[in-house]
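Presented below is the structure to which this report refers.
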Amino acid sequence: MTTKLFGEPVQRREDPRLLTGGGRYLDDLGPDALAAAFVRAPHAHARIRDIDVGPALDVEGLVAIYTWEDLPERVGRPLPLLIPHPALTHGRTAYPLARDVVRHVGEPVVMVVAADRYAAEDACALIEVDYEVLKPVVGLEEAVQGAALVHEDVPGNVGAHLVQEVPGADGRGAREAIETAPHTLAFRLDIERSASMPLEGRGVHARWDGRDLRVHSSTQTSTSVRMAVAAALGLPLPRVEVIAPDVGGGFGVKIVHPWPEEILVPWAAMTLGREIKWTEDRREHFISSAHERGQVQYVRVGFDDDGRVLGLDVTILHDHGAYTPYGIIVPIVTSTQLLGPYKIGAYRVEFSAVYTNTVQVTPYRGAGRPQGVFCMERTMDKIARHLGRDRAEVRAANFIGPGEFPYDQGMTFQDGRPLIYDSGDYPEMLRLLKELIGWDSFERAPGRGIGIGCYVEGTGVGPYEGGHVQITSDGRVHVSTGLTSQGQGHETVFAQIAASELGVPIERISVVTGDTRRFGYAVGTFASRAAVVSGSAIALACRKVREKALRIAADALEADPADLEITDGIVHVAGAPNAAVPLSTVAVLANPLRYAFDEETARATQFAGAAAPDRPPVAEGEEPGLEGRDYYSPIRSTFAAGMHAAIVETDPDTAEIRVLRYAVVHDCGRLINPMIVEGQIHGGVAQGIGGALYERMAYDPHGQLVNASFMDFLMPYATEVPHVETAHLETPSPLNPLGVKGAGEAGVIPVSAVIASAIEDAEGFPIDRMPISPSDLFHLRTT
Amino acid sequence: MKPPPFTYHAPRDLATALRTLQEVGAGGAGGKVLAGGQSLIPMLNMRLVAPAHLVDINRVAGLGGIGREPGGVRVGALARHAEAERSGAHPLLTRALKLVAHPVIRNRGTVVGSLVHADPAAELPAVLAVLGGSVRVARWQDGAAVERDIPAAAFFTGPMESAVLPGELAVSAWFPSLAPGAGCAFVEVSRRHGDYALAGVCAVVGPAGAARVACVGVGPVPVVVDVSAHAPDWAAAARAVREETEPDDDIHATAAYRRHLVGVLAERALREAAQEAENRGA
Ligand SMILES: Cc1cc2nc3c(=O)[nH]c(=O)nc-3n(C[C@H](O)[C@H](O)[C@H](O)COP(=O)(O)OP(=O)(O)OC[C@H]3O[C@@H](n4cnc5c(N)ncnc54)[C@H](O)[C@@H]3O)c2cc1C
């Protein structure tokens, strides 16, 4: 049977095309388009005194130069603050082109349009911007002193401040619980910045034909870009279409919208009446998109003799960079997901979202979770060390039990809904992990250590996604959903869902994502939500189509719909394979317009019932065609979980760090395609290894990013990523029709915590700061 | 990331190449030789250099090849890293090349280009320096090609600076053979596979205890130290090497770590080279 595909390791259908160069990415479009380039701020903080475009005017091929002054009012407004929050009292966003003040190196100041990118960059190089350099704010602890300000009207550089408290069962607050606990510890943790760093940067291509605007953007949300563009340009929504072509990775940075370029390129295309393309280069991506992760955490914890946490008090300084276009999602996720698989006594968490003169911070795969997990897992290790107990045992002592679901953590999650875990089995997961890595038989030796880290990840946030499914008279199934793909394998898993729901071979199913011409309502691809939300919507849409197909087939076969099933694309009476009608024919029957322009339609006419002259050809309440549309709107997030362990070796002389083994146990509910889930985990672990051992954003005291290239920003190669051993656990989610949970971000979340745990085990001193390089380890050893 | 405008020249023979270099060198902005392009093209794209002329030597006849001659190996200006590595013409060169970048870069990058580029963290300058090799450069003068040989000790003049003058073309490099019965080694620590080293040491140890090292990444040019006096106390030799280095801090490692590392690596390289020499002798 080729159609029972849910749960099978079906090979990725997109790969032959993508791996043989058949992909069409943003820069493959519009080979004759004009090119845009930007003059970007060379200073972290400066006032623009004057812009002299004169010297650039002679560049051959120059078409136009725009500064903020040239933008119409609507286009020149500050970019939207997408997700306001009452605690974000001082939210600030940038102008599409800098107005008066630049607040980080890389902020766009002037837009140039020219015949090609070479000419555009030549012109950029000749434009003279006169700056009055202001004092830059770099470094979190310096920023909160407030000696210099990123935004003149934001005292202390604090954009948001939020305190959340969950009292213990006895009603006492965390601070009180810690005071009276048998044991207490206090420490400080540091996590540095990294970034999504998709291999394909951002990019926008726009064409205006005098009436309609077509925009291609390398985005994670074409529907929202469409609304943003229509609003900024004052166009009716139906006049704007936005398409995400093949996208070479997103990892969060492309969910932010609209980027300045997503407004400016379409606006210039309309203004000039010319097709224009902007393809971000790597340096632009480093200094002009978004980063994440930077936090300082001050932790106090009280616990009993078994290592059970009685009170936890965490104060977080969260580096938000220069602007807050995406609100304070990241620190909110950190504060809530910090709790992991544990039920702790009382919890207090306080964060300040702090402005600095650096690239803005928006979610990057994991979106605040790696920092929260780092905090909690470092805490667990410190408790174990303090008590002289096994680290896994201390974790187990704090686990939520398998019988305690749904488990309410008493907080509000990133989607504004209660933080209630839907399902899970943490003790079993720990057992599997210990077995996989050989926890109990690990032989400790100098320079060899084992580490562990656990996490819970809220996935599949709402508000909704939709699916549209159409079966055409050739028997093919066309599935579309509005969210976008960046290589995750949606073409495969959505087709698997449709194949299983409809009983159609996967070869006959095609999937389109991220094209507003095909599906207008969508949220986007982020927060590990595609399988959960779009997957469920597609399943529901398929069920509608199936129901209609069975109804029509039942008519044709003179059978009861309840006796029918669909196998290999053929509707037949259960147990009577000869009483059958293919879905292609059913599709013809569903449409009373039956010109016989192909064999299917010609043949179908023999099934056509006698025309009933007293009824309209399309009966009331019916629609022509065999198609269905449905939406899935989750009541709240579903909570996936995982536990990782690693064995590392540290060189006693060179302080080099090698990961010898890396094991993952992962639970994302029912698996649609275990191979794709494993691929997601491998990719996540690779990014996690980057964050733990290699990547950082090296800002100097002037706010210059001194490693803004792949020469010096050390993204790990395949040679640096350990082999990942995986085991799956499946506790279905009770919240959605498929029982699935998200898997996209899982791999990255606990890696820094796990590697720190293992290095600490190998070296015998605390590892409280990530990433860690051989040079860092050398200095920790010698101090 | 597009280069500023330049005039492109693609001479087919050495005389034209040299004449072109002389002509464009006369103008202030000058010209640059394009060999494998693995260092020059990124620098152009990032607009870190802006030569008015680019003289592409890839089509010049007679600049390729790796010649084994009595006493050493002569590597032509168009010999790629990969070709030199595969040829196995010189054991230390082969070992060093395995540490240079990645296969795709080694397929294009040239040995001579790497020497002229003179990155203080590059492996090949250290090889040339420890062996006491030389680079042959040519220029156009009075209607004819004139050549001169520059010994390694005079070739590397600073970080990314070599003794090749504007208007000159490096036509080949000379790597002297190891003394009979000598052993060699190249060890380094880099952040990722194929990255420039944080620090690296190549060592040559002769059968009679003559021992020399050259270190990369710990000074403006390869740091060559003769440690024959310490043989076979390689720990003492390593301490002496460490004393000679003046590393800098950068974002990847502190000076203190690099100094420590170069000692560790010097000892490892010397032991390995001595072991090889011993095996040869046996
Ligand atoms: C990702 C990456 C990693 C790398 N890692 C390493 C590494 O680990 N170790 C290492 O040593 N190198 C490394 N390299 C550099 C690589 O080895 C280069 O190929 C080499 O340094 C330059 O050789 P080329 O032939 O490409 O020279 P080009 O890039 O063409 O030229 C480099 C410079 O030398 C000049 N030049 C070149 N040939 C001549 C000549 N015959 N006469 C006069 N001037 C000349 C050019 O004008 C230019 O200034 C790396 C490069 C990349 C892209």
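Set the Förster distance to 25 Å, then compute FRET efficiency between residue B:249 and residue A:765 from the Cβ-Cβ distance, nearest 0.05. Show your work: numbers first, answer last.
Details: r = 23 Å, r/R0 = 0.92.
In this case the efficiency is close to 0.60.
Against the globular-protein guess of 2.2 N^0.38 Å, express the Cα radius of gyration of region A:281-391 as a ratio, rounded to two decimals. Could you put the intermediate results ahead of the total?
Numbers: Rg = 16.0 Å, N = 111, 2.2 N^0.38 = 13.2 Å.
That works out to 1.22 for region A:281-391.
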*What helices in chain A pass both tests, a Cα length along the helix axis of 20 Å or more and a mean Kyte hydropathy of 0.0 or higher, using whole DSSP H runs?*
A:535-557, A:674-689
*In the full protein assembly as shown, how much of residue B:87 is accessible to a 1.4 Å probe, in Å² to the nearest 10?*
40
*asked:* Buried by at least 30 Å² relative to the chain on its own: which residues of region A:758-783 qualify, computing accessible area with a 1.4 Å probe on protein heavy atoms?
replied: A:774, A:775, A:778, A:779
_Residue among B:127, B:216, B:225 with the largest mean-square fluctuation in a Gaussian network model of chain B, springs linking Cα atoms under 10 Å_ = B:225
*Exactly which GluC sites (Glu not before Pro) in region A:425-512 are in a DSSP loop and have at most 14 other Cβ atoms within 10 Å?*
A:443
*Just the Cα atoms of chain B: what Rg and Dmax do they give in Å?*
19.0, 60
*Longest exposed-loop-site-free stretch of chain A, with chymotrypsin sites (Phe, Trp or Tyr not before Pro), DSSP loop and at most 10 other Cβ within 10 Å?*
A:1-594
*What figure in square angstrom, to the nearest 10, would you give for the accessible area of residue A:705 with a 1.4 Å probe?*
10
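Taking all pairs of different Cα atoms in region A:63-105, averaging 1/r and flipping that mean, what Kirkwood radius in angstroms comes out?
Numbers: mean 1/r = 0.0822 Å⁻¹.
Answer for region A:63-105: a Kirkwood hydrodynamic radius of 12.2 Å.
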*Per residue of chain A, what 222 nm ellipticity follows from adding -39500 (n - 2.57) for every DSSP H run with n ≥ 4, rounded to the nearest 500?*
-7500 deg cm²/dmol
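In whole Å, what three semi-axes, largest first, describe the equivalent ellipsoid of region A:4-111 built from its Cα gyration tensor (square root of 5 times each eigenvalue)? List each step's numbers first, then the result.
Values: eigenvalues 293, 134, 31 Å².
Computed over region A:4-111, the values are 38, 26, 12 Å.
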*asked:* How big is the dipole moment of region B:67-176 about its Cα centre under a simple scheme where the beta carbon of each Lys and Arg is +1, that of each Asp and Glu is -1, and everything else is neutral? Debye, nearest 20, please.
replied: 380
*So for the pair residue B:119, residue A:185, with labels modelled 7 Å out along Cα→Cβ, what separation do we get in nm?*
4.2
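I'd like the interface area for chains A and B: accessible area of each alone minus the complex, both sides summed, 1.4 Å probe, protein heavy atoms only. What is it in Å² to the nearest 100?
Numbers: alone 29630 and 12850 Å², together 40000 Å².
Buried area between the two chains comes out at roughly 2500 Å².
Please state, to two decimals, what the Cα-based radius of gyration of region B:67-176 comes to when divided by 2.2 N^0.38 Å (N = residues).
On the way: Rg = 13.3 Å, N = 110, 2.2 N^0.38 = 13.1 Å.
The value comes to 1.02.
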*In deg cm²/dmol and to the nearest 500, what is the mean residue ellipticity at 222 nm of chain B if only DSSP H runs of at least 4 residues count, each as -39500 (n - 2.57), divided by the residue total?*
-10000 deg cm²/dmol
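Please report Rg over Rh for region A:439-587, where both radii come from the alpha carbon positions and Rh follows the Kirkwood definition. Don't skip to the end; give the middle numbers.
Details: Rg = 21.2 Å, Rh = 17.5 Å.
Radius of gyration over Kirkwood radius for region A:439-587 works out to 1.21.
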*Simple spin-label model, 7 Å along Cα-to-Cβ: residue A:417 to residue A:633 in nm?*
1.1
*Working with all protein chains in place, sort A:132, A:165, A:558 by solvent-accessible area computed with a 1.4 Å probe, largest first.*
A:558, A:165, A:132
*In nm², what is the average projected area of the convex hull enclosing the Cα atoms of region A:128-269?*
15.8
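Given 0.36 nm per residue, what is the gain on full extension from residue A:60 to residue A:148 after removing their alpha carbon distance, in nm?
Details: separation 88, 0.36 × 88 = 31.68 nm, distance 4.27 nm.
Between residue A:60 and residue A:148, full extension yields an extra 27.4 nm.
For region B:183-281, report the translational diffusion coefficient in µm²/s to the nearest whole number, using Stokes-Einstein at 4 °C, 1.567 mPa s, and a Kirkwood Rh over Cα pairs. Numbers along the way, then the final one.
Details: Rh = 13.1 Å.
Estimated via Stokes-Einstein, D reaches 99 µm²/s.
Could you sort A:633, A:423 by their accessible area in this structure, using a 1.4 Å probe and putting the largest first?
Descending order: A:633, A:423.
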*Where does region B:225-282 land on Rg(C-alpha)/(2.2 N^0.38 Å)?*
1.28
*Got a number for carbon plus sulfur as a percent of region B:183-281's accessible area, 1.4 Å probe?*
48
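Evaluated at 25 °C with a viscosity of 0.890 mPa s, what Stokes-Einstein diffusion coefficient in µm²/s does region B:7-56 have when Rh comes from the Kirkwood expression over alpha-carbon pairs? Please list the in-between numbers first.
Values: Rh = 11.1 Å.
In µm²/s, the coefficient is 221.
Relative contact order (percent) for region A:72-125, with alpha-carbon contacts under 8 angstrom and 6 or more residues of separation? Before the final figure, lay out the partial values.
Details: 36 pairs, mean separation 13.4, N = 54.
It comes to 25 percent, rounded to a whole number.
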_Gained length - residue B:8 relative to residue B:23, 0.36 nm times residue gap less alpha-carbon distance_ = 4.1 nm
*region B:1-16: which residues show an accessible-area loss of 40 Å² or more, assembly versus chain alone, 1.4 Å probe?*
B:1, B:2
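Enter the mean number of other protein chain beta carbons within 10 Å of the beta carbon of each residue in B:196-204, as an integer. Working shown, then result.
On the way: counts 2, 0, 5, 1, 0, 0, 0, 0, 0.
Partner Cβ neighbours, averaged per residue: 1.
If you average the sequence gap of Cα pairs under 8 Å that are 6 or more apart and divide by the length of chain B, what percent do you get for the contact order? Walk me through the numbers on the way to the answer.
Details: 662 pairs, mean separation 45.5, N = 282.
The value is 16 percent.
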*Reachable aspartates and glutamates from residue A:4, Cα under 16 Å, same-chain residues fewer than 8 places away excluded?*
A:501, A:507, A:565, A:568
*Per residue of B:252-259, count partner chain C-beta atoms within 10 Å of its C-beta, then hand back the mean as an integer.*
5
*Give the ranking of A:585, A:279 by solvent-accessible surface, highest area first, calculated with a 1.4 Å probe.*
A:279, A:585
_Net charge dipole size for region A:27-136 [Lys, Arg +1 and Asp, Glu -1 on Cβ; Debye, nearest 20]_ = 860
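Note down the relative contact order for chain A as a percent, whole number, built from C-alpha pairs under 8 angstrom at least six residues apart. Don't skip to the answer; put the middle values down first.
Values: 1992 pairs, mean separation 123.2, N = 783.
This gives 16 percent for chain A.
May I ask you to compute the full-extension gain from residue A:718 to residue A:115, defined as 0.36 nm times their residue separation minus their alpha-carbon distance, rounded to one decimal in nm? Write down the numbers at each step before the final one.
On the way: separation 603, 0.36 × 603 = 217.08 nm, distance 3.84 nm.
In short, 213.2 nm is gained.
Once you have the Kirkwood Rh of chain A from its Cα pairs, apply Stokes-Einstein at 4 °C and 1.567 mPa s and quote D in µm²/s. Mind showing how you got there, number by number?
On the way: Rh = 27.9 Å.
Diffusion coefficient, whole number: 46 µm²/s.
Pop the C-beta distance of residue A:700 and residue A:4 into the FRET formula with R0 = 56 Å and round what comes out to the nearest 0.05.
0.45
The values are calculated or read from the model by the stated rules, or taken from the named source; none is laboratory data. Everything quoted here is computed from the prediction, not taken from an experiment. Using ideal geometry, Cβ is built from the backbone for each residue, glycine included, and neighbour counts are taken over all protein chains shown. Surface accessibility is based on the protein's heavy atoms, side chains included, excluding ligands, DNA and RNA. Shrake-Rupley method; radii C 1.70, N 1.55, O 1.52, S 1.80 Å.
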